[in-house]
Each structure stands twice: as C-alpha cells, then as structure tokens.
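Colleague: Here it is: the structure, laid out below.
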Amino acid sequence: MAFTMTAETKSAVLQKIAKTRGTPVFVVDIEQVRKNYNRFRENLPEVQVYYAVKANPDPLIVKTLFDLGSSFDVASLSEFHLVRKNIINLLPSEQQEFIWDKIIYAHPVKMIKTLHELEPYKPLVTFDNLDELEKIKKHCPSAGVVLRLEVPNRGSIVNLSSKFGASIENAVDLAVKAFEMGFLVESLSFHVGSQCTNFNNYKNGLNFAAEVFNEVEKKGYKIRNSKTGKRILDIGGGFPVEEYGQNVIPFEETAKKLREEMKKLFPENIEFIAEPGRFLVANACTLVVSVIGRTFRHGEICYYIDDGIYGTFSGQIFDHQIYTLKSFKEGEKEKCIIFGPTCDGFDTVSPSTNNKKYPYGFLPRMELGEFLYAENMGAYTTASATNFNGFPIAKTVYVNK
Ligand SMILES: Cc1ncc(COP(=O)(O)O)c(C=O)c1O
C-alpha cells in the first residue's frame, strides 16, 4: 500500500473513516503528496516543479504543494484562481511576481473571455499556432508566451500530440513571428504524453527543443527568460506512476537519464521546468466504497457499489487506468462483476464497460454493507467525476495533514 503508514494501520484507518464518514469516501494522504514532491525535487534538482492542477484540483493538495514551494500549471480560469487563493494575502507586487514566476497557463488554445480575464495579471501562457498568437496580442497583450512543440507520444497511455504542439515545419517561424509581434517568448515546452514509459519521447522532445532554440537564434532572436536572460525549457508532464504496474522503471532511473540528456544538449545557461500531474498525486489517494447490492446474473455473482464510472472510476474511461477493488477481509476469492450505482449498464467497474483490457473483479464473497477499497486513485479520477443520475461525488477526507 503506497500510503505513508503500514498496511495494517492503513486498513484500520480506512475502515474507521468509512464507518464514521460514510461511503464513497476518497482518502487523501497529504504526507504522500509531500513525499512525491520531495522525490521529484531530489532526483531532478535543477527542474522547477509546476504541479499540473488538472490531475487533482483538490484545494488542500494545491495548498500543500504551495507550502512546499511548488509552482503550478493551470489550464482553465478556475484552476488559475484556485492557485491564486494561496497568494491573496501577499502584496500586489508579490502576487504579480508569483503569477509571473510560478504559474504557467499551459493551454495552447484559450477563449477570448479567458484572455480578457487573465490580462491584468500579466500571465505566462502557451501557444502553438498563429491565430492564437493574434488572439493573445489583441486580448491579453501583457502576456509572456511559451511555444509548445509537438513531440511524439509513442507508447504513452494518454496521447496529447494529436491535439497540441507546433510541428517541426512551423515551430521556428512561429517563434520568430511572436518576436516580430513584440512578444517576450520566454520558453519552449513539450509534453511527451501522459503516463509515458517510453524514454525516447523525452529524448525526442529535448532534441527538437535544442534545434528550435538554435534555429531561432540564427534568425536573430533569443527565446529566454526576460528576467534572467537564460533559456527556459519546459519538459512538461508524463512522468509515469510506478504503482500502475505497466513495466514502469523507477523514477530515479528516468531522472538520471533525463539529467544526462539535458546536460548533453544544454550544458549551460538554461532553466528547466516540468509539469508533473499524476506523479505527485496518484498514489496518495484511496477510495473506499460500500457494497449496496448483490445478485446472481446468468450464473455470475454481481455486486453493486456506491461509486462508479460516472464518479471516481471515471478515470477508467478518460485516463485508461484500471483500479482494482480489494476487500478488507480475507477469504477464498471468486470472479465477480462489479457495477456502479447508476441506472446505466455502461456503469460497470469490473470488467469495465465491455473493454477486454479490464478484468473481472476478484473478491471473497461480500455481504451487503461491507467495504471495498481501491488504491492509487489520486490522478484524473475525482477530477472527471460527475453527478450523473443524481449520485453525489465521493466526499474527501485527509490523513497525515
Ligand atoms: C500541458 C500539460 N501539462 C502537464 C500535464 C500533466 O501530465 P501528467 O499528469 O502526465 O504528468 C498535462 C496532462 O494532460 C498537460 O496537458
């Protein structure tokens, strides 16, 4: 169990929370979030961490990372304001400094009304096309800009390059155009795809960025931090969660290889930033649910639980993950079907919605009212949960604050 306590203690704590607070309950181990952040920093000390809030916009997770000195990747106004809540007591000049230095609005396509609302804050925003640049110029001229590059997402569980990033043919011209339009082009960025287990994606991204930096300089412009004069490279997110068990090599090894590659291509005068999302939160959260119904259908035992595909298990659809439900009790296990609480047949947790990748449940015979739990549910789960059919989203309880 990837919680900052022994398995026995965790089991007792989870059951106590479920009994006293009711289910479904989403238990966040704040100490594990701190551990993940520190592990990232220890292994990539030259990289400034911008937590990708979309992975889990829980306010206490954001505050915990803020207190540790983290920066933030936001991609909507509500994420921007969620982070900003942590600085409202600072002087206006300090707030401005924080927003410029520690928040990146990392959505390459922004609504006009979003740009208007961002304008007074002098934000740092990403772009990957000319129309966006013109939009930013017109509606948020105070912005500094970051050019997002398209890099291969081969083998990553969630592909992002199909939607965002300037191609190798366009990137240099776009950067030059931005300078010509009077923008401060502060940085390049890329994203290798989420849950990336293919190191070559990082390698390709770093090489592509090196080429763009150099080509743009040949044309007389320098992509650089307007304060320090150094190049900035944002290596995005994608750092895989080991607990998902998909042949993930330990972060320490990936970090070592990354540092070697970064040093080789960018020996000096460079600042690195990264936007880890899932890496910081996935293993910090456990969901506890109750068995609310039981039946035999066509000879198979089926359980109905009080959370499902429209709720915390939405990650099984959008994030392509499998969250294995386990029982707290021992006993001979049997194959079973596990349904979510709504009226929709699609709301089947195991095997999930007709997708062969998802296994049947495997549990001892459960009684109504007994609890089940699923670990490593911190990323892209509550973030995409809905109230469909009127069922409430799991309540959140924090441990190890
Ligand atoms: C621009 C950007 N940065 C960072 C992330 C976080 O990625 P991950 O959770 O894989 O670290 C995402 C995820 O979609 C993203 O789109």
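Conditions (1) more than 22 Å from residue 148 (Cβ to Cβ); (2) buried (at least 18 other Cβ atoms within 10 Å of the Cβ); (3) charged (D, E, K, R); (4) at pLDDT 95 or above, marked per residue:
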{"position": "66", "(1), (2), (3), (4)": "yes, yes, no, yes"}
{"position": "72", "(1), (2), (3), (4)": "no, yes, no, yes"}
{"position": "81", "(1), (2), (3), (4)": "yes, no, no, yes"}
{"position": "89", "(1), (2), (3), (4)": "yes, no, no, yes"}
{"position": "99", "(1), (2), (3), (4)": "no, yes, no, yes"}
{"position": "103", "(1), (2), (3), (4)": "no, yes, no, yes"}
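Colleague: Quick one: count up the residues across segment 25-70 that are within 16 Å of the ligand (Cβ to nearest atom), of a type in the set (Gly, Ala, Ser) and over 22 Å from residue 258 (Cα atoms).
Modeller: Residues meeting the conditions: 1.
Colleague: Of the conditions (1) over 21 Å from residue 127 (Cβ atoms); (2) crowded, with 22+ Cβ neighbours inside 10 Å, residue 156 fails just one. Which one is it?
Modeller: The failed condition is (2).
Colleague: Can you tell me which of (1) free of Cβ contacts under 8 Å to residues at least 40 places away in the same chain; (2) among the acidic types (Asp, Glu); (3) within 14 Å of the ligand (Cβ to nearest atom) is the one residue 275 doesn't meet?
Modeller: Only one criterion in (1) free of Cβ contacts under 8 Å to residues at least 40 places away in the same chain; (2) among the acidic types (Asp, Glu); (3) within 14 Å of the ligand (Cβ to nearest atom) is unmet by residue 275, namely (1).
Colleague: Then there's this: Any residue in segment 130-141 that is among the basic types (Lys, Arg), surrounded by 15 or more Cβ atoms within 10 Å (Cβ to Cβ) and more than 13 Å from the ligand (Cβ to nearest atom)?
Modeller: Yes, segment 130-141 contains at least one residue that is among the basic types (Lys, Arg), surrounded by 15 or more Cβ atoms within 10 Å (Cβ to Cβ) and more than 13 Å from the ligand (Cβ to nearest atom).
Colleague: Let me ask you something else. Name the pairs whose Cβ atoms lie under 8 Å apart, with the first residue in segment 108-134 and at positive phi, the second surrounded by fewer than 20 Cβ atoms within 10 Å (Cβ to Cβ) and in a helix (DSSP H, G or I), and 6 or more positions between them or separate chains?
Modeller: So the pair list comes out as 122/96; 122/100.
Colleague: Turning to a different aspect of this structure: Restricting segment 371-387 to residues that are surrounded by fewer than 17 Cβ atoms within 10 Å (Cβ to Cβ) and not β-branched (Val, Ile, Thr), which is farthest from residue 11 (Cα to Cα)?
Modeller: 387
Colleague: Moving on to the next point. Right, residue 253: surrounded by fewer than 21 Cβ atoms within 10 Å (Cβ to Cβ), assigned by TED's automatic domain parsing to the domain that holds residue 136, under 30 Å from residue 322 (Cβ atoms) and modelled with pLDDT under 95 or not?
Modeller: no
Colleague: Also, I was wondering about something else. Could you check how many residues of segment 15-48 are surrounded by fewer than 18 Cβ atoms within 10 Å (Cβ to Cβ) and part of a loop (DSSP other than H, G, I, E, B)?
Modeller: 3
Residues checked against (1) without any contact (Cβ under 8 Å) to a residue 40 or more places away in the chain; (2) buried (at least 21 other Cβ atoms within 10 Å of the Cβ); (3) within 13 Å of the ligand (Cβ to nearest atom):
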residue: 183; (1), (2), (3): no, no, no
residue: 196; (1), (2), (3): no, yes, yes
residue: 210; (1), (2), (3): no, no, no
residue: 215; (1), (2), (3): no, no, no
residue: 218; (1), (2), (3): yes, no, no
residue: 222; (1), (2), (3): yes, no, no
residue: 228; (1), (2), (3): no, no, no
residue: 231; (1), (2), (3): no, yes, no
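Colleague: List the number of the failed condition for residue 163; all other conditions in (1) without any contact (Cβ under 8 Å) to a residue 24 or more places away in the chain; (2) part of a helix (DSSP H, G or I); (3) surrounded by fewer than 16 Cβ atoms within 10 Å (Cβ to Cβ) hold.
Modeller: Tallying (1) without any contact (Cβ under 8 Å) to a residue 24 or more places away in the chain; (2) part of a helix (DSSP H, G or I); (3) surrounded by fewer than 16 Cβ atoms within 10 Å (Cβ to Cβ), residue 163 fails exactly one: (2).
Colleague: A follow-up question, please. If I go through segment 49-62 residue by residue, how many of them are within 10 Å of residue 82 (Cβ to Cβ) and not in a helix (DSSP H, G or I)?
Modeller: Number of matching residues: 2.
Colleague: Residues in segment 242-256: is at least one closer than 25 Å to residue 167 by Cβ and more than 16 Å from the ligand (Cβ to nearest atom)?
Modeller: No: segment 242-256 contains no residue that is closer than 25 Å to residue 167 by Cβ and more than 16 Å from the ligand (Cβ to nearest atom).
The values are calculated or read from the model by the stated rules, or taken from the named source; none is laboratory data. Note that the structure is a prediction, hence the values are computed from the model and not measured. All Cβ positions, even for glycine, are placed from backbone atoms using ideal geometry, and neighbour counts span all protein chains on display.
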